[in-house]
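The values are calculated or read from the model by the stated rules, or taken from the named source; none is laboratory data. Bear in mind that the values here come from a model prediction, so they are computed numbers and not experimental data. A quick note on method: Cβ atoms are made from the backbone with ideal geometry, for glycine too, and the neighbour counts reach across all protein chains shown.
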Amino acid sequence: MSKQLFHFFVILCITVITACPVHGKDSVSSPAEGDTEKQEILKLEDDYHRDTPQSSITYFLEVLAAEDFKTAVNYLDFRNLPAKIKKIPEEELAKKLKIILERAVWIDLAALSDKTTGFSDDNLPGYRDFLGRVKINEHESVDLLLQKVPGEKGFQIWKISNRTVAKIPAMYSVHGYNEFEQKFVDIFPEYDLLGWQIWQWIFCFLIILALFIALSIPLWCIGYFIKKQNTTFSLPLASFVTGPLRLAVLLYLLDYIVFQYVTPSTAIRHLAELHTFKLLAVLWVIFSIIDLGKDRVAQIFEKQGLQNS
């Protein structure tokens, strides 16, 4: 068992080291290039930092993270909306958009324009910029757009397009809380970590605990039966069954069970897609099997040597 733990520790260290990002030097524009772009990058000192697509979304996401929906509505364009959408409170639309962004799309702030003019080569009208795409079904998706609109101080500012705002209820019907989740939302306070609310983390922990117990009982019984054989090979084999094998089965079952009941946020989904812990478990199983094989071969040779003597 000590060999298995040592291998697991080595694999964990290698995985952490290789997962660390390597930071290169930031590109620095020449003075001449900076002079020509100075007017385009100039910030107009809007109260909500909506001067450029990048700054607007950066501060919009910050107020959403703070659950400040009263301020968040200042980043949405509510002009010329359909009558049925106008009936929905503005703060409720902002709250639903927060949930959609957490669950359905990954916003790359670095990919957004930091110029007051936005991008001019994105095949969109000059007053619009692309933010992301939300999938509705296999054949339909909604483009999240930013739009340049008249500001309160007489200059143009960037907001979430009214075309996108009008689609919030449709997107929420797919990516919002279902009836099962809504019951917990009404009970627990609103606080999220990596896009998951408190109740989602609690529910996930309870599922992990239940799976761990459900797996441990039969595997412990199998391990106990193997130990009772009272051979030199039975102890390491029993440790394999109750150790790395149990962990590997647990991690693979989690993917299929947890996300059936709790919709993952984009952050959780990205972490899950890395399969880091699954890889660790599989490598631990492989190294453990190698150790078992080595031990078994050593025992066979030892037994043959005793017989020959």
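Take the stretch 101-133 and flag every residue that is closer than 20 Å to residue 167 by Cβ, touching a residue at least 24 places away in the same chain (Cβ under 8 Å) and either in contact with a Ser or Thr (Cβ under 6 Å, 6 or more places away or on another chain) or not in a loop (DSSP other than H, G, I, E, B) (or both).
Scanning the stretch 101-133 gives 101, 102, 103, 104, 106, 128, 129, 131, 132, 133.
Working only within the stretch 132-155, note down all residues that are within 17 Å of residue 78 (Cβ to Cβ) and at pLDDT 85 or above.
Passing the criteria: 144, 145, 146, 147, 148, 149, 150.
Name the single residue that is farthest from the chain's Cα centre (by Cα) among those in the stretch 163-172 being closer than 14 Å to residue 84 by Cα and surrounded by 19 or more Cβ atoms within 10 Å (Cβ to Cβ).
Only one residue tops the list, namely 166.
Can you name the residue in the stretch 75-100 that is more than 12 Å from residue 166 (Cβ to Cβ) and free of Cβ contacts under 8 Å to residues at least 60 places away in the same chain and is also surrounded by the fewest Cβ atoms within 10 Å (Cβ to Cβ) among such residues?
By that ranking, first place goes to 87.
What is the residue count in the stretch 272-287 for residues that are in contact with a Pro (Cβ under 9 Å, 6 or more places away or on another chain) and either at pLDDT below 65 or not aliphatic (A, V, I, L, M) (or both)?
Looking only at that region, the number is 3.
Can we say residue 84 is at pLDDT 90 or above and either under 22 Å from residue 173 (Cα atoms) or part of a helix (DSSP H, G or I) (or both)?
Here the answer is yes, as residue 84 does meet what is asked.
Which condition does residue 71 not pass, out of (1) loosely packed, with under 14 Cβ neighbours inside 10 Å; (2) of a type outside the set (D, E, K, R); (3) over 21 Å from residue 196 (Cβ atoms), if it passes all the others?
(1)
Restrict the check to the stretch 134-155 and report whether at least one residue is among the acidic types (Asp, Glu), without any contact (Cβ under 8 Å) to a residue 24 or more places away in the chain and part of a strand (DSSP E or B).
yes
If a residue must be surrounded by fewer than 14 Cβ atoms within 10 Å (Cβ to Cβ), among the hydroxyl-bearing types (Ser, Thr, Tyr) and assigned to a helix (DSSP H, G or I), how many such residues does the stretch 217-245 contain?
1
Could you list, ordered by first residue, the pairs with Cβ atoms under 7 Å in which the first is in the stretch 53-65 and free of Cβ contacts under 8 Å to residues at least 40 places away in the same chain and farther than 23 Å from residue 124 by Cα and the second is in a helix (DSSP H, G or I) and not charged (D, E, K, R), at least 6 apart or interchain?
Pairs that qualify, where the first residue is free of Cβ contacts under 8 Å to residues at least 40 places away in the same chain and farther than 23 Å from residue 124 by Cα and the partner is in a helix (DSSP H, G or I) and not charged (D, E, K, R), are 63/71; 63/72; 64/72.
Can you tell me which residue within the stretch 113-158, out of those that are of a type in the set (Gly, Ala, Ser) and within 14 Å of residue 57 (Cβ to Cβ), is surrounded by the most Cβ atoms within 10 Å (Cβ to Cβ)?
Among residues in the stretch 113-158 that are of a type in the set (Gly, Ala, Ser) and within 14 Å of residue 57 (Cβ to Cβ), the one surrounded by the most Cβ atoms within 10 Å (Cβ to Cβ) is 118.
Only one of (1) at pLDDT 90 or above; (2) over 30 Å from the mean Cα position of the chain (by Cα); (3) aliphatic (A, V, I, L, M) fails for residue 44. Which number is that?
All conditions pass for residue 44, except number (1).
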